[in-house]
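Report on the structure given below.
The values are calculated or read from the model by the stated rules, or taken from the named source; none is laboratory data. None of the values given here were measured: they were computed from a predicted structure. Positions of Cβ are generated from backbone atoms using ideal geometry, with glycine treated the same way; all protein chains shown enter the neighbour counts. Protein only, heavy atoms only, side chains kept; ligands, DNA and RNA dropped before computing areas. Shrake-Rupley method; radii C 1.70, N 1.55, O 1.52, S 1.80 Å.
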Amino acid sequence: MKCQHQVVVAFVVFVLTLNHVQGENISLSPSTQDIEIFGNLTDKQIPALNLYHFGQKSYYIGDVFKGNFFKAEQFCRFHGMNLVTINSEEENDFLEKKITERGDGLNHFWISGTKLPDVNEWIWFTTGRHITYFNWNSGEPNNAKKDEYCIEMRVVKRKVKWNDIDCWQDFNFICEFTWTKDCIKLLKDIQHRSNISNIIDVGVKLPEMN
Ligand SMILES: [Ca+2]
């Protein structure tokens, strides 16, 4: 189901992109026939999300809603994603560029980092893996209020930086999902069924899968 969610998201992005290019009315969801491909999914569950693509991941920059760390993860999971994990300077720089381009320089964003399970080590909440790349702001993490167990990021002097903070603050957030071979195969099947060419080349910039 998760993979189907991802493909639906990508398909909606494609539909929006294609209609925009052709100057037609913008559709906010696939047709009934498209939805039937995904079994129990209904149009009310179809998100029209604007995604960015880097490597084998796609990202949703959630600058419309705010919620605490857990609500942010809940929103991401509802849409077949998780809070973002940032594993390299290149990935961090990509998100920094997109946040800046969107004019979100004053916003705070939850990412998946936390030390809730063990106050002595930082992990990615969504994968359970130890964090190996850090991008702390100067003086952070400081656990200033003694309960700063989650990580938010924001633009500081034009650079995205991380800060530990309590998990109950209402912030924007970034979701991600990783493309798998099965997901790409499903997306190509939709392309075939829909008689729409270049769904991946035009609508979704996917990485080459080995
Ligand atoms: Ca802090």
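Test G139 against the stated conditions and say whether it is of a type outside the set (V, I, T), away from the ligand (no atom under 14 Å from the Cβ) and in a loop (DSSP other than H, G, I, E, B). So that I can check it myself, show each step before the final result.
On the way: of a type outside the set (V, I, T): yes; away from the ligand (no atom under 14 Å from the Cβ): no; in a loop (DSSP other than H, G, I, E, B): yes.
So G139 does not fit the description; no.
Filter the stretch 156-167 down to the residues that are among the charged types (D, E, K, R) and surrounded by 14 or more Cβ atoms within 10 Å (Cβ to Cβ) and list them by number. Step through it out loud before you land on a result.
Here is the first cut: in the stretch 156-167, the ones among the charged types (D, E, K, R) are 157-159, 161, 164, 166.
Once the filter is applied, which keeps residues that are among the charged types (D, E, K, R) and surrounded by 14 or more Cβ atoms within 10 Å (Cβ to Cβ), the stretch 156-167 yields K161, D164, D166.
Can you give me the ranges of the strands (runs of 3 or more DSSP E) entirely in the stretch 51-114 with at least 3 residues that are more than 15 Å from M153 (Cβ to Cβ)?
On the way: elements: 51-54, 57-67, 108-114.
Output list reads 51-54, 57-67.
So which residues in the stretch 138-149 are open to solvent by less than 70 Å² (accessible area, probe 1.4 Å) and either at pLDDT below 95 or closer than 18 Å to C167 by Cβ (or both)? Full working, then the answer.
From the stretch 138-149, those open to solvent by less than 70 Å² (accessible area, probe 1.4 Å) are 139-141, 143-144, 147-149; that's our starting set.
If the condition is that a residue be open to solvent by less than 70 Å² (accessible area, probe 1.4 Å) and either at pLDDT below 95 or closer than 18 Å to C167 by Cβ (or both), then E140, P141, N143, A144, D147, E148, Y149 are the ones that fit.
A quick yes/no check of all residues on (1) in contact with a Pro (Cβ under 9 Å, 6 or more places away or on another chain); (2) open to solvent by less than 40 Å² (accessible area, probe 1.4 Å); (3) within 12 Å of the ligand (Cβ to nearest atom):
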residue: E96; (1), (2), (3): no, yes, no
residue: T100; (1), (2), (3): no, no, no
residue: D104; (1), (2), (3): no, yes, no
residue: I111; (1), (2), (3): no, yes, no
residue: N135; (1), (2), (3): no, yes, no
residue: I151; (1), (2), (3): yes, yes, yes
residue: R154; (1), (2), (3): no, no, yes
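When the stretch 113-133 is examined, which residues are found to be within 16 Å of the ligand (Cβ to nearest atom) and open to solvent by 30 Å² or more (accessible area, probe 1.4 Å)?
The first filter runs over the stretch 113-133 and keeps only residues within 16 Å of the ligand (Cβ to nearest atom), leaving 113-116, 119, 122, 131.
L116, V119, W122 - these are the residues of the stretch 113-133 that are within 16 Å of the ligand (Cβ to nearest atom) and open to solvent by 30 Å² or more (accessible area, probe 1.4 Å).
How many residues are within 16 Å of the ligand (Cβ to nearest atom) and aromatic (F, W, Y) when one looks only at the stretch 156-197?
3
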